[in-house]
Each structure stands twice: as C-alpha cells, then as structure tokens.
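Colleague: The structure follows.
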Amino acid sequence: MSLTKSVWRRRLAAGAAGAAMLASAACSAANQGAIGNSAGASTGPVRGGGTLVVAQTSDADPGSFLKTSFGNVVAEYAVFETLTLIDGKTGQPKGVLAESWTLAPDGKSLDLKLRDDVTFHSGRKLTADDVVFALQKVQDPATGAANQSIAAQISDMKTKGEQELTLTFKQPLPNIFDLFETMPILNKDSYADYAAGTKVDGTGRFTWKSWTPGGKVVLGKYAGYRDAAGTQLDTIEINLIKDPTAMVAAIRSGRVQYGVGMAALDARTLSQQPGFSLVTSGGAAVPLAFDVTKPPFDNKAVRQAVHYAIDRDRIVQQVMGGQADPTNVPWRASTVGYDAAQAKQYTYQPDKAKQLLAEAGVKDVSFDVLTLNSPEATGVFQIVKNNLAAVGLNANPVVVPVADYDARIAKKDLGAPAFLMQNSNGLSPATAVVSRPELLADGNVSHFKSPEYTKLVKAVTSASTTEDQQKALRDYDAYFIDQAFVLPLVTRPTLTLRANSVNGIKSTQMGFLDVSQAWLSK
C-alpha cells in the first residue's frame, strides 16, 4: 500500500471489487502496451509449459511484499514462499519453508526447523538468518508490514545453526501462524534492491524476470526449484488493466486468461457465459462505522437504529450479485465461535429504526459518510443512503481515492461522522482485533473505548483452546453487536474470473492467489 499494518487488508478487499476508472477501453489498451494473445497458446493439454496471461487492476509494487499490497496479489506467492500456510479446510498450519515446529507448553516460545533444500533464485541457500531478517523488518513500524502487531510480541530470536531458530514471545501467541501466512521470506542480502523492481529474489517456483511500471510483470519458471517438475507453466505474464470495461473486453477476446480485480457483477456475468468460471478466494467484510464522539452517533440507540434501517439483502443482490452474506458480525461462518443467531440479530426493520430514533429525539439529521472511490463502495453507499433517508437520516457522500483514505486511517481521523470500510476477513479474530483499524481496543477509528471492550479483546487474543476461543468470540460479539460502533453489512468472497483453459489456481487463507502450480489445457 507509506502504509499502516491494516492497509493491505483494505486494499485487498477494495481491489477485489475493481477500481472506478475513466479511461476508455481503447485508451486503456493503447496505454498499457501489448498483451500476449495466449488464448491461442493452448492447442491441447500443455501441463508441461505455456504462458498464463493475467490482468489485474493495480500495478505491482516490488518494494511492498511485506505489506502484501493488492498489486502483488498474483506475483507474491509465485515468487516468494512463507514459513507456513493455513489449510483452508482444517484451519491448521502446513509447512512450506518450515519443515517442523514445536510450541513450548506455556505457549511462549516456538522452535522452528527449516527445510535444507531451499535456495533463492540467485542460488544462495535459505538460512535461519533470512527468517530473522524478515521478522525484524516486519517488527519495524516504518516498514508498514502486515501483522506488525503480532511480530511486535516476539521478544527474542535465536538461530541454532543455519536451519533452526527459536522465537520467544512476550505472551502466548495463538495467532503466530497468521503472521507467518503474510510474511514472505526475503533474501537479506538483496532486499534493498527489491523496490526498483529489477532484482527481486525469492524462493518460489517463479523468478521475477522483469517489471514495466504501469505495464506488466513477467515471471519465469525457476529451474532450480526443489520440485521443479511440479511447475507446469513456463511463464506468467501479469498485465495492468485499470479500466473495468477494458478488463472484460480482454478476457472475452481471449487475450487474457485470468482476470483479477474486476467488479463482482462483471465477474459473475462473464462466468455465466461458456468458457469462463469464477474463482473464489479469501473474502472481505464491508462494515459501516461511526465516530462515537460526534453526534448523533455518540448515542448507542441511534447506532442501533441504523442497524435496523439497512437492507443488507438488497446490498447482497444489487451490489454483490448474490455472492455475499448479510451479517452483523465481521467473521466468516467457518470461524471458531461464530454464532449464526448473533450474525442475524439485527434484521431490516425500518419501523423499529424510526422508533429508536424518535425515542432518541433524532430527526432530519444530515451527516457525511466517507467512502472509497470504487464501484463496490459507492454501490453499497447508495443503498445505505436510500435506507437511511427512509427513516429520516440524510447521508452525504464524501468519496475519496485510496491514498487519501489511507492517510486518514493512519491518522485515525477519518474526518466524518460515518465511514464505509472494506477489510479482508481471512484473519483469525485474534489477529483481526489487534490489526483491523475499526476493531482495535485502543486507538480504533471510531474512537470507541471501554474497559469492558478492552477485556473482551484481550480474551479473544489469548484464548488457545477451541472451547476458550468459542466462548471468547461469542462474548466479544455480544458486546460488539450491542455497542454498534461498527455495523458489519456483508461478508463476501473475493471473486476472480478464469478461462476454462486455466486449471490449478489456489488461494491462501488470507485470500492471496497462488498460480504457481497452475496449468493450461485446450
């Protein structure tokens, strides 16, 4: 995204909906240079080669791999690897660069053993010192890394030879694997060269061959990979197409086989045509939040009234194309401790909203709502605006670009009484409550603070057993729903679109895409 530790999640969520751009499809194609016509490259099964041509709506940012910016969503897990990845089905970590690990009985230290057959693309062997380097970069607030708040709880790092290290924690860290998930291991000797985009050295299946800013990234198969036979593609070409119309045209024409960042409705519409399919990954939460220091939202009853005023089902159908779930909690249904009854506590009841507002003495109030300039965000706002107008609340849009929104988040002052947000919801609750800007116990963007909320956040972050996690989250959600300083509206998967010739695309728990073992067929 400089970036705060939460910005990458918002970028990922917002980027998945596509950005609103004004350039025409013709201008877009002309400005971005030639895109490989790889639709004709698949003249039969080509599991052993070929070029995958991708288009995405945000440019690559080779200096920001630790920030996990949306522009790196395709390249990151092809060029780099992490210590572990969380299995989307079991929720348990699986080793990638880490061969094994042992958690101390008190949960305050972790012994890690690395694979001994890993090399960077430059040929140098991966060592424990590279892991320490990556952790130290994440710990540094100046890096703006994802999950810096988790890394800050590591009090000591000691290497034991080249392939082993021990991490000591200030307190038990049940969410340590969330950190590992979002921390690609960098080459400590060449990291300073990454930002220029000419030398980006990872350990993944693909090498970073070239980057044309505002144009494309080209990745090539790494012949020295420990399991190179499992890499099917020869090349991955990632093109920047900012204009939504141009993206659709490129996919329809066959010039692009995989589109990332297009509007959800466009993706769903195209997926219903022969030759195309949706790919779902990760997910996002879209909440409406309030500055509780500003009237009328300093009154809990008013905030609860807004809960009842919003028609979440309309948002699901009209903005998300049916690919979302209305909710009152910011978690996916698969989250440990998720309670379906809590998630549906507030339903669309405009008469109930009017009653609460009348009891609070609030009528014909006007206020600003800050929102990102993206098709999804503005679409959600329009429904929210109409719903609120029906109960006597007048919401005025303040639409800003991502850079402005990021700056306001960093200052923890969004400059409006209400604001629409977008964040990835792939995080565990233990990580989300210490990293998502609207959920923090101390310094959240709503300026909401109470001893009870702080206590509940601490319980969520320290719960280690399944039973404790279930209780902690349900207690947290009960208070969170009642206080209503943040109103989750919907959660949705991230939608991307592939031609049916593209096979083997995977995603991480956090919603990042893994095309490193993709293959092409006729």
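The values are calculated or read from the model by the stated rules, or taken from the named source; none is laboratory data. Because the structure is predicted, anything quoted here is derived from the model rather than measured. A quick note on method: Cβ atoms are made from the backbone with ideal geometry, for glycine too, and the neighbour counts reach across all protein chains shown. Quick note on the areas: whole protein, heavy atoms, side chains included, nothing else; ligands and nucleic acids left out. Shrake-Rupley method; radii C 1.70, N 1.55, O 1.52, S 1.80 Å.
Colleague: Only one residue in ASN373, ASN387 is touching a helix residue (DSSP H, G or I) at 6+ places or on another chain (Cβ under 9 Å), open to solvent by 60 Å² or more (accessible area, probe 1.4 Å), closer than 19 Å to ILE315 by Cβ and of a type in the set (S, T, N, Q). Which one? Don't jump to the end; show me each part of the working.
Modeller: Working: ASN387 fails: open to solvent by 60 Å² or more (accessible area, probe 1.4 Å).
Checking each option against the conditions leaves just ASN373.
Colleague: Right, here's the next one. So, restricting to strands (runs of 3 or more DSSP E) that lie completely within the stretch 191-269, which ones have at least 1 residues that are surrounded by fewer than 20 Cβ atoms within 10 Å (Cβ to Cβ)?
Modeller: Working: elements: 206-212, 216-221, 235-240, 258-260.
By residue number, 206-212, 216-221, 235-240.
Colleague: Among the numbered conditions (1) over 23 Å from the mean Cα position of the chain (by Cα); (2) at pLDDT below 95; (3) buried (at least 16 other Cβ atoms within 10 Å of the Cβ), tell me where THR465 comes up short.
Modeller: (3)
Colleague: Among the residues of the stretch 165-177, is any surrounded by fewer than 19 Cβ atoms within 10 Å (Cβ to Cβ) and either of a type in the set (D, E, K, R) or at positive phi (or both)?
Modeller: Taking every residue of the stretch 165-177 in turn, at least one turns out to be surrounded by fewer than 19 Cβ atoms within 10 Å (Cβ to Cβ) and either of a type in the set (D, E, K, R) or at positive phi (or both).
Colleague: Mind checking which residues of the stretch 63-116 are within 25 Å of LYS199 (Cα to Cα), open to solvent by less than 70 Å² (accessible area, probe 1.4 Å) and of a type in the set (D, E, K, R)? Outline the logic, then answer.
Modeller: If we filter the stretch 63-116 for residues that are within 25 Å of LYS199 (Cα to Cα), which is where we start, we get 63-84, 96-98, 114-116.
Still in the running and open to solvent by less than 70 Å² (accessible area, probe 1.4 Å): 63-84, 96-98, 114.
Result: LYS67, GLU76, GLU81.
Colleague: Restricting to the stretch 270-288, and then to whatever is assigned to a strand (DSSP E or B) and hydrophobic (A, V, I, L, M, F, W, C), can you tell me which residue is surrounded by the fewest Cβ atoms within 10 Å (Cβ to Cβ)? Before the answer, list the steps.
Modeller: Initial filter on the stretch 270-288 (assigned to a strand (DSSP E or B)): 276-288.
Filter once more, keeping what is hydrophobic (A, V, I, L, M, F, W, C): 276, 278-279, 284-286, 288.
Numbers: PHE276: 19, LEU278: 16, VAL279: 20, ALA284: 27, ALA285: 28, VAL286: 27, LEU288: 25.
So, considering only residues that are assigned to a strand (DSSP E or B) and hydrophobic (A, V, I, L, M, F, W, C), the one surrounded by the fewest Cβ atoms within 10 Å (Cβ to Cβ) is LEU278.
Colleague: Something else now. Residues that are touching a Gly at 6+ places or on another chain (Cβ under 8 Å): which helices (runs of 4 or more DSSP H) entirely in the stretch 378-485 hold 3 or more of them?
Modeller: Working: elements: 402-411, 429-432, 451-462, 466-483.
It comes to 466-483.
Colleague: Restricting to the stretch 134-147, name every residue that is in contact with a helix residue (DSSP H, G or I) (Cβ under 7 Å, 6 or more places away or on another chain), under 19 Å from ASN187 (Cα atoms) and open to solvent by 20 Å² or more (accessible area, probe 1.4 Å).
Modeller: Answer for the stretch 134-147, where residues must be in contact with a helix residue (DSSP H, G or I) (Cβ under 7 Å, 6 or more places away or on another chain), under 19 Å from ASN187 (Cα atoms) and open to solvent by 20 Å² or more (accessible area, probe 1.4 Å): LYS137, GLN139.
Colleague: Determine which single condition GLU438 fails, assuming it passes every other condition in (1) modelled with pLDDT of 90 or more; (2) surrounded by fewer than 21 Cβ atoms within 10 Å (Cβ to Cβ); (3) not hydrophobic (A, V, I, L, M, F, W, C).
Modeller: Looking at each condition in turn, GLU438 falls short on (2).
Colleague: So which of GLN422, GLN483 ends up being polar (S, T, N, Q), closer than 23 Å to ALA343 by Cα and at pLDDT 90 or above?
Modeller: Details: GLN422 fails: at pLDDT 90 or above.
After ruling out the rest, the residue left standing is GLN483.
Colleague: What number of residues within the stretch 289-308 satisfy the criterion of being open to solvent by less than 10 Å² (accessible area, probe 1.4 Å) and more than 30 Å from the chain's Cα centre (by Cα)?
Modeller: 1
Colleague: Going through the stretch 117-130 one residue at a time, which ones are buried (at least 16 other Cβ atoms within 10 Å of the Cβ) and of a type in the set (Ser, Thr, Tyr)?
Modeller: Listed by number, the list holds a single entry, THR127.
Colleague: Might you check whether a residue that is under 21 Å from GLU376 (Cα atoms), within 24 Å of the chain's Cα centre (by Cα) and not polar (S, T, N, Q) occurs anywhere in the stretch 217-239? Let's see the steps before the verdict.
Modeller: Let us first name the residues in the stretch 217-239 that are under 21 Å from GLU376 (Cα atoms), namely none.
Looking for residues that are under 21 Å from GLU376 (Cα atoms), within 24 Å of the chain's Cα centre (by Cα) and not polar (S, T, N, Q), one finds none in the stretch 217-239, hence no.
Colleague: Then there's this: Which ones in the stretch 503-519 are within 21 Å of GLY275 (Cβ to Cβ) and crowded, with 22+ Cβ neighbours inside 10 Å?
Modeller: At the first step, the residues of the stretch 503-519 found to be within 21 Å of GLY275 (Cβ to Cβ) are 503-505, 513, 515, 518-519.
Across the stretch 503-519, the qualifying residues are LEU513, VAL515, ALA518.
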